[in-house]
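Here is the structure we will look at.
The values are calculated or read from the model by the stated rules, or taken from the named source; none is laboratory data. Nothing here was measured: the structure is a model prediction, and the numbers come from that model. All Cβ positions, even for glycine, are placed from backbone atoms using ideal geometry, and neighbour counts span all protein chains on display.
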Amino acid sequence: MDPLTLGAIVALATILVLFSGVSVALGLLIVSTGFLMIFDGMRSLELLPEILFGKLDNFALLSIPMFIIMGSSIASTRAGADLYEALERWLTRIPGGLVISNLGACALFAAMSGSSPATCAAIGKMGIPEMRKRGYPDGVAAGSIAAGGTLGILIPPSVTMIVYGIATETSIGRLFLAGVIPGLLLVALFMAWALYSTWKSGDRALLASGNYTWKEKFEILPRVLPFLVIIIGVLYAMYGGVATPSETAAVGALMCLIIAMVIYKLWDPRQLWVVLRDSTKESVMILFIIAAAGVFSYMLSSLYITQSIAQWIGTLDVNPWVLMAAVNVFLLIAGFFLPPVAVILMAAPILLPIITTAGFDPIWFAVILTINMEIGLISPPVGLNLYVINGIAPDISLKTILTGSLPFVACMVLAIVLLCVFPGLATWLPDTVMGPAQ
């Protein structure tokens, strides 16, 4: 059978299996095993255990559970609320400053936790009621938190970037740096829209209300600064040549647990057990998907599907940017239905040869892919962040939340366009800090 036709059949079978309700990892294993048995015979199954466990035999993978523990320990405390309060106290006198406080708190908490739903829950529980009380429109209040929560998968340290780096054998350090400027760009675009929308439809008499003394402004800082120091320390250790990402993540996880115990009195063994239990569950889920995706990639390569797609793309007389537009549409659709980790692990083996053949930088493409995944987090039918916000503020309808988040989706699309026009936004910092890629 022609490999391209076979590839189309594999894609259709994968979609059907995943939509049946089977978990992503198990679905990938079912599809991979089935096609290998049909086209390579039973003997091909002898290699599957070696591939499955061999994919996990990677020191860089240790950083995933460590960063997840780091995020879980922060999410289990009042760190999000304190971060919000600190920014709100310092920016409250600025008209529209509260929405800036929320977006800034989302960006910082997302960088610390790496979890989009946790960011929405931690910041939204305090931010949404306060914004509504101050006269901010419901759409701005809900949409800004939903969009701000997505920043966790782009701003380093990002588990999504780690997964992409492992799946494509790309430098994790470069990927982290590549996400910094685009992440700040998104924060700026979000703030610009939120301020404009607030100025247009909000109650200006209430927007600048609130007054705090200097004592009140400074007394909250000791509860927030230690976590920020850890983030700076983690990034310095990685890029200062002090330690590898995995070693840095382990130290960061330990320090976050210690700070949670000392500052937030997280002494109860039952609370610590919940942090470790939830971190283990999430880590095992991601690692299982990585192992299954390794088998899926082997199947695609063994049946010559990946190579044939890359060769076919190379023979097409099509503008590379038309090709990139088609890739973006594919990623958007996939992100509507699947979590970011699953999309990256499934799509990377196919897309990487395509984008490199077309002359695009894989580091730059990682940022484009990640922003597409962010859009999926606030877009139906899955749109996890929309449901988290609805759970926090059930009297705000899903329609209002969705309507409020759509302008932020437009900001993300604008960011993708800017990255396409100015790719240096993603590549300049990694090349400056670590030298040009070889």
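Observations, loosely collected:
- Identity of the residue in the stretch 406-438, in a loop (DSSP other than H, G, I, E, B) and in contact (Cβ under 8 Å) with a residue 12 or more places away in the chain, that ends up nearest to the chain's Cα centre (by Cα): PRO423
- Residue count for the stretch 1-21 under the criterion of being touching a helix residue (DSSP H, G or I) at 6+ places or on another chain (Cβ under 7 Å) and under 21 Å from ALA291 (Cβ atoms): the result is 5.
- A search for C-beta distances below 8 Å between a residue of the stretch 224-238 that is free of Cβ contacts under 8 Å to residues at least 60 places away in the same chain and any residue that is of a type in the set (Ser, Thr, Tyr) and crowded, with 17+ Cβ neighbours inside 10 Å, counting only pairs 6+ apart in sequence or on different chains, returns ALA237/THR248.
Results for (1) under 20 Å from TRP321 (Cα atoms); (2) in contact with a helix residue (DSSP H, G or I) (Cβ under 7 Å, 6 or more places away or on another chain), shown as yes or no for each residue.
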| position | (1), (2) |
| --- | --- |
| PRO362 | yes, yes |
| MET373 | yes, yes |
| SER379 | no, yes |
| GLY404 | no, yes |
| ALA410 | yes, no |
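- Tallying residues that are of a type in the set (S, T, N, Q) and crowded, with 21+ Cβ neighbours inside 10 Å within the stretch 247-278 yields 1.
- Restricted to the stretch 139-237, the set of helices (runs of 4 or more DSSP H) holding at least 2 residues that are modelled with pLDDT under 80 comprises 180-201, 204-207, 214-219.
- Residue match in the stretch 120-127 (condition: more than 24 Å from MET412 (Cβ to Cβ) and either free of Cβ contacts under 8 Å to residues at least 40 places away in the same chain or among the hydrophobic types (A, V, I, L, M, F, W, C) (or both)): yes
- Of all the listed residues (LEU235, LEU287, LEU228), the sole one being surrounded by 14 or more Cβ atoms within 10 Å (Cβ to Cβ), within 26 Å of TRP90 (Cβ to Cβ) and touching a Leu at 6+ places or on another chain (Cβ under 8 Å) is LEU228.
- Considering LEU56, LEU26, the condition of being modelled with pLDDT of 80 or more, hydrophobic (A, V, I, L, M, F, W, C), out of contact with any His (no Cβ under 7 Å at 6 or more places or on another chain) and not in a helix (DSSP H, G or I) is satisfied by LEU56 alone.
- Qualifying residue in the stretch 394-403 (condition: surrounded by 21 or more Cβ atoms within 10 Å (Cβ to Cβ) and part of a helix (DSSP H, G or I)): yes
- For the stretch 32-45, the criterion of being part of a helix (DSSP H, G or I), at pLDDT below 85 and surrounded by 15 or more Cβ atoms within 10 Å (Cβ to Cβ) is met by at least one residue.
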